[in-house]
Structures are given as structure tokens and as C-alpha cells.
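Laboratory data are not the source of any read-out in this text; all were calculated from the coordinates shown. It should be emphasised that the depicted structure is a prediction, and the values quoted were computed from it without experimental measurement. In this analysis, Cβ positions are derived from the backbone assuming ideal geometry, glycine residues included, and neighbour counts consider all displayed protein chains.
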Ligand SMILES: Cc1cc2nc3c(=O)[nH]c(=O)nc-3n(C[C@H](O)[C@H](O)[C@H](O)COP(=O)(O)O)c2cc1C
Ligand code: SF4
Ligand code: FES
């Protein structure tokens, strides 16, 4: 595959680097809120859901669930209020894509949310912003105010019978609150612990009412799909992963940043070498996380893999949030593994035992190995504890921690072996 | 502290959300922005205005990294040491703060000005290493940057309102 994307113009990042584009006025000049107009006056609820289904849009928050299908699960005939929740928690380490969508195109997110609301007959929505994004929280609040002032939010939107209230909510520093049911708990003023499923949020979510939770990037695609049609959307990407995707590239690269490409149009190697400019000066790559810290690592010999949902799933890892983090030889493998586990141990919500007890235990063992005090027994323990966590957790956090650690141990067995003291033979 | 002003802000937050419980975390941010941490007086006000028990408030708040029950420095540094920032020297920043301020993470300098903590990814992998001072991000940080920030904070001319 040669990289020939010269004619490709970014869709979601069309305004990247242009803070002046974030005003409502600038948005309207770019054709903004035309899709909402179409959704209000030319389409039925079913038309909207059908169009999003036909586009094949899949959730950009990590799981890749078909968006139109999710919307179709909402019981529209229910008399209970229905809610849209925009997931702007963006806590997956290495991810900073939603940040730039909001920073340069906040009205795109508001319009996408309004179209989702119109499709499922929702009159109220919440945007959940991570506390670390205080600056973007301010940008969103301002954009929402503008939208109210100009009649894009509130009663009789654009003169129709459609009404909608939108709230911007600031989280308080907890990665797990990106998990949709934990997020709902947090919105209800509780500790952010995931809920047991079923019921799924589409049926019983916020205040036990039907709720759609979608990622920022997912919703940012919606105005384009409604305005230009599902076929337009499908000109980008693959059959099963249509559309474009923003990749946040960081770690050991010369040109870190957000890069938008059609799904599957380039490989991990092309992204890291050609787009991001190769490893930091004088360093050598050893591996990369292809989809955030929760995605098992791939070593450079595995990098000729197209970046789309199905190719990465086949390689037993995942596209996740699209955060690519490149690791180099400037640090020991076990230090990377330790820092990864430290994150999960810190962010475990404590609701289920294997994750609550297992992740700090893994951290202790890895710290011991890092200090050069590990034994063969510790290596066996690492294996045993990860097996004890896999498949035994309530939410994917604990499982990811174990899966990613296993990928380190499988791909760099000698790096771990080297650290353990040779078995001392008892001398009498 | 101007309690009347804080009460008004909590009441405004309450009016912005459909349920008192949904306003809770936002109200606690108001307390944090007023005192720098969850001062008991602020918790009591939130409890009064929202009609939620203080015990419940403390229990919920204890879950979240941004809510602390003991004072922080007037300038609180959150140092991201997650993988990208670690590759770009974040642990040197931690060591530098320890030396320069003479305190461990979680402690406060005697003059009440500074504190710091190790933090997870703050979404700035494109300009590492990155930190937050209170709610303001600073990117591409070096030990020199830290010295400069500390000096300016001491002189009282550190502007923390800069947006991207
Ligand atoms: C531990 C954990 C953390 C998550 N963090 C986020 C996040 O920060 N942002 C996000 O959009 N989705 C996150 N998700 C995925 C959400 O649970 C949910 O699938 C997503 O918001 C649905 O939106 P989408 O279908 O548009 O992707 C996380 C999931 C898990 C298990
Ligand atoms: S796996 Fe971990 S984060 Fe998820 S519910 Fe269990 S304890 Fe909480
Ligand atoms: S790793 Fe430091 S900001 Fe993300």
C-alpha cells in the first residue's frame, strides 16, 4: 500500500488550528445547522435513524458499536423522558482527538447531538466534560449559550415544534467515568462505578430513562451524514469501518498530533513513519499501543496493518479510541509495563475484587522487577494474577489491564526473564 | 471567605440542572474554586442548598481525584507522568519539584503557595510533557519552565486564565 492521500481533505478537523472558526457565525458560514434544518423539516425520526444506519457509522469512543442501531433501541413510544449524553470524558491515555473537535468546531458537536435528540425524541442532553479539559469546558459553555441565544436550543428550535435543553457538566477526575454506565452514575451525583448490564442505557439509563451515550467524534460525524447522505460518508473507509477517523499520535515520534484519515487507508507503520516522522532522534522503536493504553501492544514487525476496527481486532488488539503511542528503546520494557499498570491500578473503581485487588498486586510485582529484586516466582505470579483477572471483571477496565500486560510479557519474554535473579542453589 | 457569594453560585448551579443530585459535582467544583479544596464550611453550604446529607457528599466526593478534604497549595501542580510524558522526562519534573519545593507529593509548602501530585494523562500528548496548574494547562514543560512558573507565582503575576 502506498500512501496517496493528497486529495483527502480532513472532514472533522477541517478547522484545526483556527480558533476563529469556533463561533456560531463562522459555523453558519460553513453551512452549519443546515443538517439540523433538514432533520427537522424534511426527515422523520425513522428517516434519520435509517440514514445513520445505512452510513455504517460506528462509535468512536472505543467499542465501535453501530450508532444507528444504538439509536433504534430507544423505545420512542415510551412516555418517559429520553436523554442524550455526550461522552467528552476522553480519559484514555494518549487520546486528545475530541479535544480538538470541541476546540475548533464546538457547534458541530451541538448539531450532531441535536440530530440524535430529534431522532429519538429527546428534549434534554448532557455533555460530560473531563475536569482536565477546563479550557474546552469554557468553549463548550460559550457555544451552548450562543446556540440558545440564536434559537438553536430551547423552545421551538428554528421555528419547529422541537425543543431541547442542553447542559454542560464538568467531571472531577476519574477515568472510569468515561465508561458509559459509570458516567451516568456520576451524572446522578454518585461515585462513578459501572452498572451491571442489562438493562442497557438505551432502555434504562440516566434516572432510569432511555438514554443514548455517544462519543464526541461519533456525534461530530452525524451532521455530515445527514447533510450529504450515507453514500457520501461511505466514500471514505472500508465496508465494515466506513468514514474517517482521527488518530492521536504521541510517544516517541518527531511530529506528534491529531491526524484524520479514511479508516483503513493507511497502516500503523505509515502513520508512525511517514505521517508522524519516525522515532525521536537517536532512538529505536520497540512497540506501539495502536488504540490507547487499553489496547494490547504491537511490535514493529506487526505494523503493516491497516488502521480500521476489523484489522486490529484480527491482530488481537483494538482500534480503541485511535490513540497511537510509540515506545522506544530509551526505557526498559518493564518500566513501560509498570507505568501502564500503575494507571489501571490507580483508576480501578474498586467495585469488583479481581480488578481492585489484582491491579495493585501486579503493580507491586512490576515495581519489584523494576528495582531488580524480582524472582522467578514473581514472573509466575504475574502470569497467575493476570489469568485471575481476565474475563472475571464487571467492566472492561480490569480485563484490559491484564490483556495489555500479557501482550508485554508475550512479546518481550526476555526483557522480563533478564530481570529475575538467577535461582540461587542452596549450598550446605 | 464570602459565603453569600458562594451560596449564590451554588444556587445558580442548582437552578441549571434538572435534579439536585446532578448539580452536586458542579457545586463541589464551586467549593473547590473558592477555597482550593473542599472546606467543611463549603460542604455544609452545598448540603443546605441541595438538600443532600454531608455524609453522602463526602462519600461521593472521596471518589474523585479533584476533590480533596485537606488544603492544597494556592498553586497546585498536576504532573502527568503517563507514558508519553514519561518518555519526555515527566519524572525529572517530579524530582525537580521535590528538590526545589522541598516537599513530597501531597504536601504543601510552609508559605501555603505550592503543592503537587503525580497525575494521569491530561490529553496533551501532542505537546509533552504537560502539566496543569490548578485548572490551566502548560505544555512542553522543562525544569526551567517550572522554575519560571514558581518565581512568577511567588511574585503574584502568574496568569492562570489562558485558554488554548
Ligand atoms: C474503562 C472505560 C473507559 C471509557 N472511556 C471513554 C471515554 O473517555 N470516552 C468515550 O467516548 N468512551 C469511553 N468509553 C466507552 C463508553 O463506555 C461507550 O462505549 C461510548 O461512550 C459509547 O459511545 P460511542 O458508541 O459513540 O463510541 C470507555 C469505556 C470503558 C470500559
Ligand atoms: S473492572 Fe475494575 S473498574 Fe471495572 S467495575 Fe471492576 S473494579 Fe471497577
Ligand atoms: S501522557 Fe501526559 S498528557 Fe497524555
**Separation in nanometres of the label points that stand 7 Å from Cα toward Cβ, at residue A:30 and residue A:274** = 2.6 nm
**Message:** If I model a spin label at residue A:284 and residue B:15 as a point 7 Å from the Cα along the Cα→Cβ vector, what separation in nanometres do I get?
**Reply:** 6.6 nm
**Prompt:** What's the FRET efficiency of residue A:80 with residue A:421 using the Cβ-Cβ distance as r and R₀ = 60 Å, to the nearest 0.05?
**Reply:** 0.45
**Message:** How tilted is helix A:376-389 with respect to the longest principal axis of chain A? Cα atoms for both, answer in degrees (0 to 90, nearest 10).
**Reply:** 30 degrees
**Message:** How would A:109, B:138, A:404 line up from fewest to most surrounding beta-carbon atoms within 10 angstrom?
**Reply:** B:138, A:404, A:109
**Message:** For A:301, A:47, A:378, which order do you get if you count the other beta carbons within 10 Å of each Cβ and list the fewest first?
**Reply:** A:301, A:47, A:378
**Request:** Considering only A:146, A:180, A:373, give the residue with the highest GNM mean-square fluctuation for chain A, with springs between Cα atoms whenever their separation is below 10 Å.
**Result:** A:373
**Request:** Measure nothing fancy, just the Cα-based angle from helix A:396-411's long axis to the longest principal axis of chain A, in degrees from 0 to 90, nearest 10.
**Result:** 40 degrees
**Message:** Residues of the range A:165-191 with the amide nitrogen closer than 19 Å to a label point 7 Å from the Cα of residue A:203, along Cα-to-Cβ, please.
**Reply:** A:180-182, A:184-185
**Message:** Can you compute log10 of I(q)/I(0) for the range B:24-126 with the Debye formula, treating each Cα as one identical point scatterer, at q = 0.19, 0.22, 0.23 Å⁻¹?
**Reply:** -0.94, -1.08, -1.12
**Asked** Computed over the Cα atoms, what is the radius of gyration of the range A:1-138 divided by 2.2 N^0.38 Å, N being its residue count?
**Response** 1.14
**Prompt:** Average partner chain C-beta neighbours within 10 Å, per residue of A:249-262?
**Reply:** 3
**Message:** Once you order the gyration tensor axes a ≥ b ≥ c over the Cα atoms, which shape class does chain A get: rounded for a/c under 1.5, otherwise prolate or oblate by comparing a/b with b/c?
**Reply:** prolate
**Prompt:** Can you give the average number of partner chain beta-carbon atoms within 10 Å of each beta-carbon in peptide B:80-92, as a whole number?
**Reply:** 6
**Request:** Over the range A:274-359, calculate the relative contact order: mean separation of alpha carbon pairs under 8 Å at least 6 apart, over the residue count, as a percent.
**Result:** 29 percent
**Request:** Sort the range A:78-235 into rounded, prolate or oblate with this rule: let a ≥ b ≥ c be the square roots of the eigenvalues of the Cα gyration tensor; rounded if a/c is under 1.5, and if a/c is not under 1.5, prolate when a/b is larger than b/c, oblate otherwise.
**Result:** rounded
**Message:** Which of B:122, B:43 has the fewest other C-beta atoms within 10 Å, and how do the rest follow up to the most?
**Reply:** B:43, B:122
**Asked** What angle do you read, to the nearest 10 degrees and between 0 and 90, between the alpha-carbon axis of helix A:353-370 and the longest principal axis of chain A?
**Response** 50 degrees
**Request:** Would you mind telling me which residue in A:215, A:87, A:15 has the biggest mean-square fluctuation in a Gaussian network model of chain A, where springs connect alpha carbons within a distance under 10 angstrom?
**Result:** A:15
**Message:** For peptide A:333-346, what's the mean number of Cβ atoms from other chains within 10 Å of each residue's Cβ?
**Reply:** 2
**Message:** Which of the three applies to the range A:162-209, rounded, prolate or oblate, going by the alpha-carbon gyration tensor with a ≥ b ≥ c and a/c under 1.5 meaning rounded?
**Reply:** oblate
